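Accompanying notes for the structure given below.
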Amino acid sequence: MRILLDTANLDSIRYFNEYYPIEGVTTNPTILAREGGSPVEMLKEIRKIIGDKKELHIQVTETEYDKIIEEAKTMVSLFGKNTFVKIPVSDVGLKATKALSDMGYGVTVTAVLTAAQAMIASCAGASYVAPYISRSENLCADGVGTVAEIATIFKSSGTKTQILAASFKTAKEVLDVAVAGCHSATIGSTIMRMLIAHTTTDTSVLGFRRDWEEAFGDKTLLGLMKG
Ligand code: E4P
């Protein structure tokens, strides 16, 4: 499963872009508002950090069809061709998704809570659908099960639409959607770290160092190999 970073925090983006195999960055109006400052400058800086080839998903804030189209075109001309226009699922959103995807724009239909919404979004030509996992689970619905349903529907229809799961509150949810057949997941920095953190990994590494130093002192393998 591909991994994207769900934040607009520039320090986090610099860090995870350097160390983790992220395929891009996703934002939404709340995420941009959280950081303060100019959203346009922030998005330009994010694009600069991740480069031209990685994906940048930016959500529209317009709600009328003509304005959504104008906003989407402006976004892509400003932030580059690997910019995906996030549009919440709705009647107007579906109309805009169909028009933009027909024009060759990448659209991520977001705020998806059901497999039915995802199915219709894929018919409208969405590149991605973004099912919200923890927002679903918090309502006692089965967010992970919804991803599994979407994966089954997409596989049997042969659609090119991919699943970009979002809204995670636990690392386990990330693993569960991967098992359920999800193509991509966008994850905040806290959960991203939790995905690799393990105390037994840390104690194992300490043990390796201790055993090496007991046997070879301050010599390093690199030093020994170089003679
Ligand atoms: C993706 O960018 C979604 O908007 C985001 O993951 C939603 O996450 P939240 O439910 O934690 O706000």
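Which whole-number value in Å³ per residue fits the convex hull of the alpha carbons of the range 60-161?
It comes to 96 Å³ per residue, whole-number rounded.
May I ask you to compute the full-extension gain from residue 114 to residue 61, defined as 0.36 nm times their residue separation minus their alpha-carbon distance, rounded to one decimal in nm?
Separation in residues times 0.36 nm, less the Cα-Cα distance, equals 16.9 nm.
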Original post:
Each residue of the range 39-46 in turn: what ³J(HN,Hα) in whole Hz from Karplus with 6.51, -1.76, 1.60 and θ = phi - 60°, glycine and Pro shown as x?
Top reply: x, 5, 5, 5, 5, 4, 5, 4
Subject >> Karplus-derived 3J(HN,Hα), 6.51/-1.76/1.60, for each residue of the range 56-63, Hz, glycine and proline x >> reply: 10, 9, 10, 8, 6, 10, 6, 10
Subject >> When the range 140-183 is reduced to its Cα atoms, the Kirkwood hydrodynamic radius in Å >> reply: 10.7 Å
Original post:
Can you give the charge dipole size of the chain about its Cα centre, rounded to the nearest 20 debye, using +1 on the beta carbon of Lys and Arg and -1 on the beta carbon of Asp and Glu?
Top reply: 420 debye
Subject >> Using alpha carbons only: equivalent-ellipsoid semi-axes of the range 113-199, gyration tensor based, whole Å >> reply: 23, 13, 11
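Quote to one decimal, in nm, the extra length available between residue 221 and residue 23 on full extension: 0.36 nm per residue of separation minus the C-alpha distance between them. Don't jump to the answer; show the numbers that get you there.
Working: separation 198, 0.36 × 198 = 71.28 nm, distance 3.37 nm.
Taking 0.36 nm per residue and subtracting the Cα distance, the gain is 67.9 nm.
For the chain, what is one quarter of the convex hull surface built on the Cα atoms, given in nm²?
Mean orientational projected area (the chain, Cα hull): 16.0 nm².
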Original post:
Once the Cα atoms of helix 199-216 and of the chain are each reduced to a long axis, what angle between those two axes, in degrees from 0 to 90 to the nearest 10, is obtained?
Top reply: 30 degrees
Subject >> Hydrodynamic radius by Kirkwood, which averages 1/r over all alpha carbon pairs of the range 1-50, in angstrom >> reply: 10.9 Å
**OP:** List every residue whose amide H lies under 5 Å from the amide H of residue 59, counting only residues 5 or more places away in sequence or on a different chain, with H placed 1.01 Å from N in the peptide plane.
**Re:** 27, 86
**OP:** Using a 10 Å cut-off on Cβ atoms, rank the peptides 53-61, 30-38 from the highest mean neighbour count down.
**Re:** 53-61, 30-38
**OP:** Show which lysines lie in cross-link reach of residue 95 when reach means a straight Cα distance below 18 angstrom and same-chain residues fewer than eight apart are skipped.
**Re:** 67, 73, 86
Subject >> Of all accessible heavy-atom area on the range 2-196, the percent that carbon and sulfur account for (1.4 Å) >> reply: 55 percent
Original post:
What residues have an amide H closer than 5 Å to that of residue 2, excluding those fewer than 5 places away on the same chain, when H is modeled at 1.01 Å from N in the peptide plane?
Top reply: 184, 185
Subject >> In nm, spacing of pseudo-spin labels at residue 14 and residue 156 (7 Å Cα→C-beta vector) >> reply: 5.0 nm
**OP:** Name the residues whose placed amide hydrogens come within less than 5 Å of the amide hydrogen of residue 83, ignoring near sequence neighbours (fewer than 5 apart) on the same chain.
**Re:** 56
**OP:** Could you tell me which of the pairs 98/172; 44/155; 48/155; 54/172; 48/219 are separated by over 32 angstrom between their Cα atoms in the structure shown?
**Re:** 98/172; 44/155; 48/155; 48/219
Original post:
Restricting attention to the range 135-227, which GluC sites (Glu not before Pro) occupy a DSSP loop and are surrounded by at most 12 other Cβ atoms within 10 Å?
Top reply: none
Original post:
By how many nm would the segment from residue 209 to residue 95 grow when fully extended, if each residue of separation counts as 0.36 nm and the alpha-carbon distance is taken off?
Top reply: 35.1 nm
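The values are calculated or read from the model by the stated rules, or taken from the named source; none is laboratory data. None of these values were measured; they are calculated from a predicted model. Neighbour counts run over all protein chains shown; Cβ positions are idealised from the backbone, glycine included. The area values use the complete protein model at the heavy-atom level, side chains included, leaving out ligands, DNA and RNA. Shrake-Rupley method; radii C 1.70, N 1.55, O 1.52, S 1.80 Å.
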